[in-house]
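Novice: What follows is a single structure, and I will ask about it in a moment.
The values are calculated or read from the model by the stated rules, or taken from the named source; none is laboratory data. A quick note: this is a predicted structure, and the numbers were derived from the prediction, not measured. In this analysis, Cβ positions are derived from the backbone assuming ideal geometry, glycine residues included, and neighbour counts consider all displayed protein chains. Only protein heavy atoms, including side chains, enter the accessible area calculation; ligands, DNA and RNA are left aside. Shrake-Rupley method; radii C 1.70, N 1.55, O 1.52, S 1.80 Å.
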Amino acid sequence: MSVRRVVSRLAAPEPGWTVSADVVVIGSGIAGLTAALRLRGQVGKVFVVTKDVLDAGSTQWAQGGIAAALGPGDTPEQHERDTLVAGAGACDVEAVRVLVAEGPEAVRQLIELGANFDLHPDGQLSLTREGGHRRHRIAHAGGDATGAEIQRALIAAVGRAPEIEVVAHALAVDLLLADDGGVAGVTLHVMGEGRRDGVGEVRCRAVVLASGGLGQVFSQTTNPSVATGDGMALAYRAGAVLRDLEFVQFHPTVMWLGPDSRGQQPLISEAVRGEGAFLVDWEGRRLMRGVHELADLAPRDVVAKAITRRMTETGRPHMWLDARHFAPAFWARRFPTILATCVAHGVDPVTELIPVAPACHYASGGVATDVWGRSSLPGLYATGEVACSGVHGANRLASNSLLEGLVFSRRIAEVLPGELRPWSDPAPDTRQHGLVDGSCRKTLQEVMTARAGVLRSAAGLLGASDSLAGLAESDASTVDQDAWETTNLHAVATLLVEAALLREETRGSHWREDFPDRDDDRQSGHHDWWLQQGEPAHGFRPSVPTDLTAAGLA
């Protein structure tokens with residue numbers, strides 16, 4: 001399959017300033033700040049580049065918590081089993097074992113750093129369950145404000161680290177490449193005043209991508225506005241391999257705000273169901289009974305499909321979440337953020353049902369890495385949602401995302417100092433440059449939502465491919481951040497659609513109505529995408545399904 005028109009380099013003004021740092025970390029969530037903090041003292045200067053302010057990324061919005069085998073009777077092996085089953089056969093077993101084995105100690109050190117998790121009266125961690133987990137292993141903070149607390153602790157630690165310099169309101173435009181194709185630096189657009197305003201370049205010896213996901217590809221998402229796929233697109237243009245882009249998780253319980261609502265939508269955490277809430281249809285019938293052995297705590301892909309099926313069958317725009325049996329005091333203590341959000345949107349969850357529908361939540365694919373966070377491009381590392389480490393497979397297990405960013409950023413900091421590239425001058429950049437007009441963003445999002453969302457088909461995906469190809473002809477009249485972000489969204493959307501077309505099966509979060517069954521014989525493996533001499537390239541890496549033994553099915 002050929003991918004039609006691809007921008008190989010973003011059109012941008014020539015850099016007006018130049019600085020240097022040993023390592024540039026792009027992103028300021030749990031993955032980026034953990035990498036920076038662990039690298040300080042091991043390398044020279046560390047730059048943290050953030051597109052907005054330090055707390056504007058997805059970590060801040062994480063409600064449920066962070067998963068690790070920290071409770072009585074729980075083990076990394078049990079956590080591994082649940083992760084592999086949720087991943088629908090597409091997980092990398094080595095990466096999963098790294099995650100679950102190193103997770104508990106990583107969380108303990110996060111607590112030592114200053115993160116305040118909720119505790120029982122005896123001082124032990126308060127652990128809950130979420131979908132796909134068979135043990136109580138989700139540590140949470142502030143009831144439902146775990147991400148905000150982790151972000152607070154990390155930002156405070158960065159503030160105590162003079163070796164780390166933060167560059168805020170800065171968009172990473174493109175990587176600078178040396179003669180050998182490896183990293184020599186990165187161009188930034190800084191929205192500020194003084195000597196670092198506008199486009200400039202940072203010469204460096206390594207780049208750590210921790211820039212988050214691609215949620216803004218769709219009209220409705222739980223992701224913040226900064227999640228425009230910048231890191232994935234930047235890596236792809238530089239020649240790094242992207243993997244598993246078709247596996248986009250749609251969270252089943254996102255608050256439905258009406259048919260015309262767009263952008264970031266309120267998440268109703270899976271932890272609410274972990275505490276006993278349940279889904280019902282418009283007739284009040286339990287939605288998940290008989291669908292899965294874990295019922296309302298089934299993996300997210302199972303629940304999202306069940307909701308979508310019932311919506312399709314009944315013509316209703318959403319289903320309902322029933323948590324009316326929670327006492328008011330319990331709501332206020334355990335889920336204060338969600339309670340306030342519901343009330344702000346005119347729903348009192350103490351006495352009323354909450355309208356919910358699936359919406360884009362998490363990209364399981366991204367920049368392909370090994371278990372040390374190395375990408376295929378020398379000097380480029382990736383961690384967190386921008387990366388495809390292999391731990392999530394076709395469907396991420398609840399609350400494994402914060403853990404992944406924490407664990408693999410720590411691992412990058414173990415190897416990167418010993419692998420620092422020599423200082424190199426950027427080679428002449430002959431890549432084709434261009435921009436998609438920023439005015440195309442709304443159309444792009446509507447196309448992706450309608451044709452490449454929860455339920456996919458060849459007809460819909462081919463239509464999406466044609467529409468995206470048409471949008472590629474809309475050359476930007478203005479070089480600005482809107483056009484840069486829209487071009488990034490267009491790149492990842494195009495690859496996502498092509499991968500979804502090639503995966504002629506239903507697996508995890510990828511649901512094809514024209515191929516409703518999983519096909520391990522022909523489809524078990526991973527779709528890789530990269531640019532080779534300016535031309536799109538694709539490869540399929542067959543793999544053995546990794547969930548069958550874990551589920552006790554083989």
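Novice: How many residues does the range 115-156 hold that are among the small types (Gly, Ala, Ser), modelled with pLDDT of 95 or more and under 30 Å from Ala238 (Cβ atoms)?
Specialist: Here the count works out to 0.
Novice: Restricting the first residue to the range 31-46 and requiring it to be farther than 15 Å from Val166 by Cα, which pairs with a second residue that is outside any helix (DSSP H, G or I) and of a type in the set (D, E, K, R) meet a Cβ separation below 6 Å and a spacing of at least six or different chains?
Specialist: Val43/Asp22
Novice: Being touching a helix residue (DSSP H, G or I) at 6+ places or on another chain (Cβ under 7 Å) and within 20 Å of Phe247 (Cα to Cα) is the filter here, so list the residues in the range 397-419 that pass it.
Specialist: Hits for the range 397-419 are Leu397, Ala398, Asn400, Ser401, Leu402, Leu403, Glu404, Gly405.
Novice: On to the next question. If I filter the range 347-361 down to residues being open to solvent by 10 Å² or more (accessible area, probe 1.4 Å) and touching a helix residue (DSSP H, G or I) at 6+ places or on another chain (Cβ under 6 Å), which single residue comes out as farthest from Leu279 (Cα to Cα)?
Specialist: Top of the filtered list is Val350.
Novice: Assess whether Ala427 counts as being open to solvent by less than 80 Å² (accessible area, probe 1.4 Å), in a helix (DSSP H, G or I) and either modelled with pLDDT of 95 or more or of a type in the set (A, V, I, L, M, F, W, C) (or both).
Specialist: So Ala427 does not fit the description; no.
Novice: Of Ala115, Ala101, Ala88, which residue is in a loop (DSSP other than H, G, I, E, B) and under 30 Å from Asp520 (Cβ atoms)?
Specialist: Just one listed residue meets the conditions, Ala88.
Novice: Given the options Val248, Val208, Val241, name the one that is in contact with a strand residue (DSSP E or B) (Cβ under 6 Å, 6 or more places away or on another chain) and surrounded by fewer than 24 Cβ atoms within 10 Å (Cβ to Cβ).
Specialist: Val241
Novice: So, in the range 478-494, of the ones that are surrounded by 24 or more Cβ atoms within 10 Å (Cβ to Cβ) and of a type in the set (A, V, I, L, M), which residue ends up farthest from Arg237 (Cα to Cα)?
Specialist: Among those that are surrounded by 24 or more Cβ atoms within 10 Å (Cβ to Cβ) and of a type in the set (A, V, I, L, M), it is Ala483.
Novice: Given the conditions (1) outside any helix (DSSP H, G or I); (2) buried (at least 19 other Cβ atoms within 10 Å of the Cβ), report the number of the one that Leu444 does not fulfil.
Specialist: Result: Leu444 fails condition (1) only.
Novice: In the range 404-418, is there at least one residue being part of a loop (DSSP other than H, G, I, E, B) and of a type outside the set (Lys, Arg)?
Specialist: no
Novice: When you look at Val367, is it closer than 28 Å to Ala90 by Cβ, under 21 Å from the mean Cα position of the chain (by Cα), surrounded by fewer than 24 Cβ atoms within 10 Å (Cβ to Cβ) and of a type in the set (A, V, I, L, M), yes or no?
Specialist: no
Yes/no per residue for (1) among the β-branched types (Val, Ile, Thr); (2) modelled with pLDDT under 95; (3) over 16 Å from the mean Cα position of the chain (by Cα); (4) within 25 Å of Val6 (Cβ to Cβ):
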site	(1), (2), (3), (4)
Gly192	no, yes, yes, no
Arg195	no, yes, yes, no
Cys204	no, no, yes, no
Leu209	no, no, no, yes
Leu214	no, no, no, yes
Ser225	no, yes, no, yes
Gly229	no, no, no, yes
Ala233	no, no, no, yes
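Novice: For the range 527-551, give me each residue that is closer than 28 Å to Glu293 by Cβ and touching a residue at least 12 places away in the same chain (Cβ under 8 Å).
Specialist: Ser543, Val544, Pro545, Thr546, Asp547, Leu548, Ala550, Ala551
Novice: Against the definition (within 22 Å of Thr146 (Cβ to Cβ), surrounded by fewer than 24 Cβ atoms within 10 Å (Cβ to Cβ), touching a residue at least 12 places away in the same chain (Cβ under 8 Å) and under 16 Å from the mean Cα position of the chain (by Cα)), how does Ala69 come out, yes or no?
Specialist: It is false that Ala69 is within 22 Å of Thr146 (Cβ to Cβ), surrounded by fewer than 24 Cβ atoms within 10 Å (Cβ to Cβ), touching a residue at least 12 places away in the same chain (Cβ under 8 Å) and under 16 Å from the mean Cα position of the chain (by Cα).
Novice: Now a separate question. Can you tell me which residue is farthest from Leu435 (Cα to Cα) among those in the range 448-477 that are under 24 Å from the mean Cα position of the chain (by Cα) and open to solvent by 40 Å² or more (accessible area, probe 1.4 Å)?
Specialist: My answer is Leu455.
Novice: Given Gly379, Gly405, Gly384, which one is open to solvent by 10 Å² or more (accessible area, probe 1.4 Å) and among the small types (Gly, Ala, Ser)?
Specialist: Step by step, each of Gly379, Gly405, Gly384 is checked, and only Gly379 is open to solvent by 10 Å² or more (accessible area, probe 1.4 Å) and among the small types (Gly, Ala, Ser).
Novice: Let me ask something else about it. When you check Leu489 against the structure, is it within 25 Å of Gly89 (Cα to Cα), assigned to a helix (DSSP H, G or I) and under 21 Å from the mean Cα position of the chain (by Cα), yes or no?
Specialist: Criteria not met by Leu489.
Novice: Among (1) modelled with pLDDT under 95; (2) surrounded by 20 or more Cβ atoms within 10 Å (Cβ to Cβ); (3) in a helix (DSSP H, G or I), where does Ile307 come up short?
Specialist: (1)
Novice: Among the residues of the range 269-291, what is the count of those that are assigned to a loop (DSSP other than H, G, I, E, B) and either open to solvent by 20 Å² or more (accessible area, probe 1.4 Å) or modelled with pLDDT under 95 (or both)?
Specialist: 10
Novice: Are there any pairs, at least 6 apart or on different chains, whose C-beta atoms fall under 7 Å, with the first in the range 264-277 and within 13 Å of Arg300 (Cα to Cα) and the second in a loop (DSSP other than H, G, I, E, B) and among the aliphatic types (A, V, I, L, M), and if so, which?
Specialist: So the pair list comes out as Glu270/Ala398.
Novice: For the range 279-293, how many residues are under 28 Å from the mean Cα position of the chain (by Cα) and not charged (D, E, K, R)?
Specialist: Selection size over the range 279-293: 5.
Novice: Considering every residue within the range 77-85, establish whether at least one is assigned to a helix (DSSP H, G or I), within 24 Å of Leu267 (Cα to Cα) and within 19 Å of the chain's Cα centre (by Cα).
Specialist: So far as the range 77-85 goes, yes, one or more of its residues are assigned to a helix (DSSP H, G or I), within 24 Å of Leu267 (Cα to Cα) and within 19 Å of the chain's Cα centre (by Cα).
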